[in-house]
Amino acid sequence: TTLGDPIEAQALLATYGQERELPLYLGSLKSNIGHTQAAAGVAGVIKMVQAMRHGVLPRTLHVDAPSAHVDWDSGAVELLTEAADWPRTDHPRRAGISAFGASGTNSHVIIEQFEQPEPAVTTEPVEAHGPLPVPVSAAAPQALRAQARQLHSYVTARPGLGTADLARALATTRSVFTHRAAVLAGDRDELLAGLAALADGRTAPQVVQGEAAARRGKLAVLFSGQGTQRLGMGRELYARFPAFAAAFDAVTAHLDTELDRPLRDVLSEDAERLNETG
């Protein structure tokens, strides 16, 4: 419009069009698909997310000439009359969206391209965590050995890779197949030795290999009650793992209100009381 276009364009020129190496490119969703009414805001966001993903700035249709009511020389803002590559620079791609819909569905937002951060590699010695199970699984015995061989090469090529990081990744980010084994590793040398033994089909003290897991039935957890308790149970876990210690403290804080002495003391020094069902 004669009234609205100059106001919006001059605001863009004054705010984003100054002291730029590359111009601010201006496009319009409405020129591509018409007025989207209540979907104007979300449609504008979708358009720019897809433009970032593909690295292309979509052209604006039906532009014969820039509006003569705007002083285009007052800043570095250009109309996208042709599609253009969206080059990668030393900062992420960003886009501003100003979409006016119906019934209060306006959208005014600046979005920025998401960059996947590089995973941190810890150099903390695994001895601080104690021996850890490093799980390996595959669909067949031969594939299990091949997977162990690939892991051996992967670890060998990355001297800074911590055993704890590898164990966590294999346990939480990999699919679990029917043929399974685990390498119990207290340090890098034990990890490599165990992977080599598994790859060669040999048994080794640090390799635990089970029968093929059956994919049927449901999982049940049995809390057997009396007979499994012992003095000092959980003491080493409490000292080693902050998550265990926090959970232990939270649980005992609730239970201690019902007991005549702290449960921590019972677990540590009162075998007779510990054996009571109560």
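The values are calculated or read from the model by the stated rules, or taken from the named source; none is laboratory data. Being a predicted model, the structure only gives us computed values, none of them experimental. Don't worry about glycine lacking a Cβ; one is built from the backbone with ideal geometry, like all the others, and counts go over all protein chains shown. SASA here: full protein model, heavy atoms, side chains in, ligands and nucleic acids out. Shrake-Rupley method; radii C 1.70, N 1.55, O 1.52, S 1.80 Å.
Got a number for residues in region 19-39 being open to solvent by 90 Å² or more (accessible area, probe 1.4 Å) and either closer than 18 Å to SER74 by Cα or touching a residue at least 12 places away in the same chain (Cβ under 8 Å) (or both)?
6
Looking at (1) under 21 Å from ASP5 (Cα atoms); (2) touching a Lys or Arg at 6+ places or on another chain (Cβ under 9 Å), which one does VAL70 not meet, given that it meets all the others?
Every listed condition holds for VAL70 apart from (2).
Only one residue in ASP85, ASP71 is in contact (Cβ under 8 Å) with a residue 40 or more places away in the chain, open to solvent by 30 Å² or more (accessible area, probe 1.4 Å) and out of contact with any Asp or Glu (no Cβ under 6 Å at 6 or more places or on another chain), so which one is that?
After ruling out the rest, the residue left standing is ASP71.
Take region 90-107 and flag every residue that is part of a strand (DSSP E or B) and either at pLDDT below 85 or closer than 27 Å to VAL207 by Cβ (or both).
Listed by number, the residues that qualify are ALA99, SER107.
Kindly indicate whether any position in region 89-99 is surrounded by 13 or more Cβ atoms within 10 Å (Cβ to Cβ), over 19 Å from GLN10 (Cα atoms) and free of Cβ contacts under 8 Å to residues at least 60 places away in the same chain.
Taking every residue of region 89-99 in turn, at least one turns out to be surrounded by 13 or more Cβ atoms within 10 Å (Cβ to Cβ), over 19 Å from GLN10 (Cα atoms) and free of Cβ contacts under 8 Å to residues at least 60 places away in the same chain.
Could you check ALA157 against (1) open to solvent by less than 90 Å² (accessible area, probe 1.4 Å); (2) modelled with pLDDT under 90; (3) of a type outside the set (S, T, N, Q) and say which number it fails?
Of (1) open to solvent by less than 90 Å² (accessible area, probe 1.4 Å); (2) modelled with pLDDT under 90; (3) of a type outside the set (S, T, N, Q), only one is false for ALA157: (2).
If ALA102 satisfies all but one of (1) in contact with a helix residue (DSSP H, G or I) (Cβ under 8 Å, 6 or more places away or on another chain); (2) surrounded by 13 or more Cβ atoms within 10 Å (Cβ to Cβ); (3) aliphatic (A, V, I, L, M), what's the number of the condition it fails?
If we test ALA102 against (1) in contact with a helix residue (DSSP H, G or I) (Cβ under 8 Å, 6 or more places away or on another chain); (2) surrounded by 13 or more Cβ atoms within 10 Å (Cβ to Cβ); (3) aliphatic (A, V, I, L, M), just (2) comes out false.
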